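Read the structure below first, then the notes.
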Amino acid sequence: MAGLGASAVKEEAVRVFRETWPGCEPSVAVAAPGRVNLIGEHTDYNQGLVLPVALPMVTVVVGCPSTDGIISILTMAKEADEPKRLVFPVPSEANPLSPGLPCWANYVKGVIQHYRAGPLPGFKAVMASNVPLGGGLSSSASLEVAMYTFLQQICPDDGDLMEKALTCQKAEHTFASMPCGIMDQFISVMGQADHALLIDCRSLEVSPVPLTDSSLVVLITNSNVRHTLTGSEYPTRRKQCMEAAKALGKESLRDVTMADLKAAKACLEAEVYCRARHVISEIKRTAEAAEALRCRNYWEFGKLMVQSHDSLRDDYEVSCRELDELVAAAMGVEGVYGSRMTGGGFGGCTVTLVDAAAVEKTIEQIKDKYSGTATFYTTKPSRGAHVLKL
């Protein structure tokens, strides 16, 4: 459904709901966005800084409460493993939910299990999304936050946005076995139209950074190389970061300076040293990039984006040939300020900051130079999770 707009995604979900449960009408519709991170990669779980924007691409949940104590959920995602429809009793203290198959359901079940209000009623729901799966645009957090937002409509909680994001993160940790940082859930909950958010992942302080210049375009390029982070290199990188921080006597790499790291180089394995060097330098770059964006110094911002990509490629080793090709192709176009891989890595998307007059030329250049088939999205910062009209 990646080609459909958010309104069309909602309408399609409503149509499928009516087909699945004839005679039953949905009473609730909600949406939660994916995100693209402009800079600050693999810093969130190191208590560092990130600078994401919420996307107009969303996950939609439509449905209605029921009185039978049964939860019935259908996903419209073609990529999701079977079965696409799941039916189970409302969880209780005596009968809690647990992770299992199908995998897609774990993101949903985790949110239901950890939901902060209750008791929940039964419900019927259809989930649909135009956030590309496996593209590094946080389809999983979008799904989690959309489900939480749906639950808020049928069983209201206290409305605490920070706790909402933290609960969705907890769901991903405990049910999807992904030790993600807080960025993805945070931006999906708190995204603001026309702003990037500088998020301090230690204090959870949020500073909106205006991104309203009509001459500036954020171009997302999907390599269409799928990546799976669970059970792969992501947990390994996180463990290496923790190892480096512990060796330096710090709680996290947020508290380590580059001078500290260099002084301890002999005490660290070469690979661990490089991982820490990326994180420490990336936190500094992100702070500098936010200030450059505030000052509309796009060339400085772009320079920092390229430095970020180089560091992710060389020190963190999470890039891949396809992402490197996309960045190199974009940077060969006059009017491109900067480009970098975004997301966890090993495939997915790049994000490029480009002058509006150069967008078409950039897309053509990438098409010409890229060895695969890319998909392009021009985007603008959008709002966080919200209720839709039916």
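The values are calculated or read from the model by the stated rules, or taken from the named source; none is laboratory data. What you see is a predicted model; the values in this text were computed from it and never measured. So basically every Cβ, Gly included, is an ideal-geometry build from the backbone, and we count neighbours across all protein chains shown. Heads up: the accessible areas ignore ligands, DNA and RNA and are worked out on the full protein's heavy atoms, side chains in. Shrake-Rupley method; radii C 1.70, N 1.55, O 1.52, S 1.80 Å.
Applying the criterion of being assigned to a helix (DSSP H, G or I) and in contact with a helix residue (DSSP H, G or I) (Cβ under 9 Å, 6 or more places away or on another chain) to the residues of the range 292-301, the residue that is most open to solvent (accessible area, probe 1.4 Å) is Trp299. Checking Ser319, Ser371 one by one, the residue that is outside any helix (DSSP H, G or I) and buried (at least 19 other Cβ atoms within 10 Å of the Cβ) is Ser319 and no other.
Can you find a residue that is of a type in the set (S, T, N, Q), under 26 Å from Thr352 (Cβ atoms) and part of a strand (DSSP E or B) anywhere in the range 71-79? No, the range 71-79 contains no residue that is of a type in the set (S, T, N, Q), under 26 Å from Thr352 (Cβ atoms) and part of a strand (DSSP E or B). Residue check: His42 meets all listed conditions (1) in contact with a Ser or Thr (Cβ under 8 Å, 6 or more places away or on another chain); (2) open to solvent by less than 20 Å² (accessible area, probe 1.4 Å) but one, namely (1).
Restrict the check to the range 164-172 and report whether at least one residue is touching a helix residue (DSSP H, G or I) at 6+ places or on another chain (Cβ under 7 Å), outside any helix (DSSP H, G or I), of a type outside the set (A, V, I, L, M) and in contact (Cβ under 8 Å) with a residue 60 or more places away in the chain. Let's see the steps before the verdict.
At the first step, the residues of the range 164-172 found to be touching a helix residue (DSSP H, G or I) at 6+ places or on another chain (Cβ under 7 Å) are 164-165, 167-172.
When the remaining residues are screened for being outside any helix (DSSP H, G or I), the result is none.
Looking for residues that are touching a helix residue (DSSP H, G or I) at 6+ places or on another chain (Cβ under 7 Å), outside any helix (DSSP H, G or I), of a type outside the set (A, V, I, L, M) and in contact (Cβ under 8 Å) with a residue 60 or more places away in the chain, one finds none in the range 164-172, hence no.
Of the conditions (1) open to solvent by 60 Å² or more (accessible area, probe 1.4 Å); (2) farther than 23 Å from Gly343 by Cα; (3) in a helix (DSSP H, G or I), Gly249 clears all except one; give me its number. Only one criterion is unmet by Gly249, namely (3). Counting just the residues of the range 234-292 that are touching a Leu at 6+ places or on another chain (Cβ under 8 Å) and β-branched (Val, Ile, Thr), which one comes out nearest to His173 (Cα to Cα)? My answer is Val279. Among the candidates Thr59, Thr20, Thr75, the residue that is closer than 30 Å to Gly345 by Cβ, polar (S, T, N, Q), open to solvent by 10 Å² or more (accessible area, probe 1.4 Å) and touching a residue at least 12 places away in the same chain (Cβ under 8 Å) is uniquely Thr75. Kindly establish whether Glu243 is among the acidic types (Asp, Glu), at pLDDT 95 or above and open to solvent by 70 Å² or more (accessible area, probe 1.4 Å). Yes.
Suppose we keep only residues that are part of a loop (DSSP other than H, G, I, E, B) and farther than 30 Å from Ser223 by Cβ within the range 118-140. Which one would you say is most open to solvent (accessible area, probe 1.4 Å)?
Residues of the range 118-140 part of a loop (DSSP other than H, G, I, E, B): 118-121, 130-138.
Within this subset, residues satisfying the condition of being farther than 30 Å from Ser223 by Cβ are 118-121.
Values: Gly118: 53, Pro119: 121, Leu120: 26, Pro121: 35 Å².
Here the answer is Pro119.
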